[in-house]
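The values are calculated or read from the model by the stated rules, or taken from the named source; none is laboratory data. All values derive from a computational prediction rather than experimental measurement. Neighbour counts run over all protein chains shown; Cβ positions are idealised from the backbone, glycine included. When the accessible area is computed, the model is the full protein with side chains, heavy atoms only, and any ligands, DNA or RNA have been set aside. Shrake-Rupley method; radii C 1.70, N 1.55, O 1.52, S 1.80 Å.
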Amino acid sequence: MAGGFSSKRLALVLRRDAEYHWQAWLKYAAMAGMAWFTFLVAAYGHNSHGFVNMTSDSAMRWKGYFLRVFLATAMVIGASLGGLNTWRTDRRTALLMLPASVAEKFVARILEVTVVLFVYVLVAVAVADLLHLCFSLAAGTTHGVRSLTVALAGSVARWWQDFFQHTGSSSAVGAIAALHTIAVLAWCQSLYLLGSVLFVRGGWLVVSAVLLLGWIFVAVPLRPLLYDSNRIAIGSAMIVVYIALVVVNYALAYRLSGRQQVARSKWINI
């Protein structure tokens, strides 16, 4: 489409996707919140005194940790939801017929699997938090009513702080470790996004299998390098490699997005 990149057309794509998917996304967020509430209550256990320790300091730290893992996992694997518009022929046709360029549609997809997804994940946490508060009031605890959202924020803050205040680690090593973790998560997210564009259905399963095999046969054997005497240089080099791979994956996803057709193969989305 001529006219370059247009924020108005981008808004049109986002509005159209919201009309198609907001109910499904909200339903998934509510279901995830209820599932996490059930897990956090059931996994902590019940003793002869009831749920009196449900909001103790150790319990809330444990729950904050698992919510942090949930947040990171959802933001990474959630990139596979970028293919919602291509699963069905009618939706794929409607997407291709939108008066917007490939770049505008691709940017809309990126925003949906990052910003929009983050909002819905927070909605899921809020649902779990509300149920947790109500259950705490109903069951009664000796540690008062405490918020899962606060526990999550505290867990994220401790995670970040540990990189820079860990005993025996310099601030440089801590910074490299933090940036390496972020770079790995960004690379995984870009892989799930690419999988959602490339495969018709089940792309997240293919990507998950590839990552699992990569972890077993590549990451585990190379892990000792992160504890080498030159770990700062090695870590910095690995960060650069991951960033380059993120750029490559996004470029491939963008290129494949521009080649999508109404008629396509049964398994591949091109």
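Within the range 134-146, the set of residues being crowded, with 16+ Cβ neighbours inside 10 Å and at pLDDT 75 or above comprises F135, S136, R146. Among the residues in the range 151-160, are any modelled with pLDDT under 85, surrounded by 15 or more Cβ atoms within 10 Å (Cβ to Cβ) and either part of a loop (DSSP other than H, G, I, E, B) or in contact with a Phe, Trp or Tyr (Cβ under 6 Å, 6 or more places away or on another chain) (or both)? Yes, the conditions are met somewhere in the range 151-160.
Can you confirm whether R15 is open to solvent by 80 Å² or more (accessible area, probe 1.4 Å), at pLDDT 80 or above, farther than 20 Å from S147 by Cα and in a helix (DSSP H, G or I)?
Numbers: open to solvent by 80 Å² or more (accessible area, probe 1.4 Å): yes; at pLDDT 80 or above: yes; farther than 20 Å from S147 by Cα: yes; in a helix (DSSP H, G or I): yes.
When the stated conditions are applied, R15 passes them.
Is it the case that the range 199-213 has a residue that's in contact with a helix residue (DSSP H, G or I) (Cβ under 9 Å, 6 or more places away or on another chain), at negative phi, modelled with pLDDT under 90 and small (G, A, S)? Yes: one or more hits.
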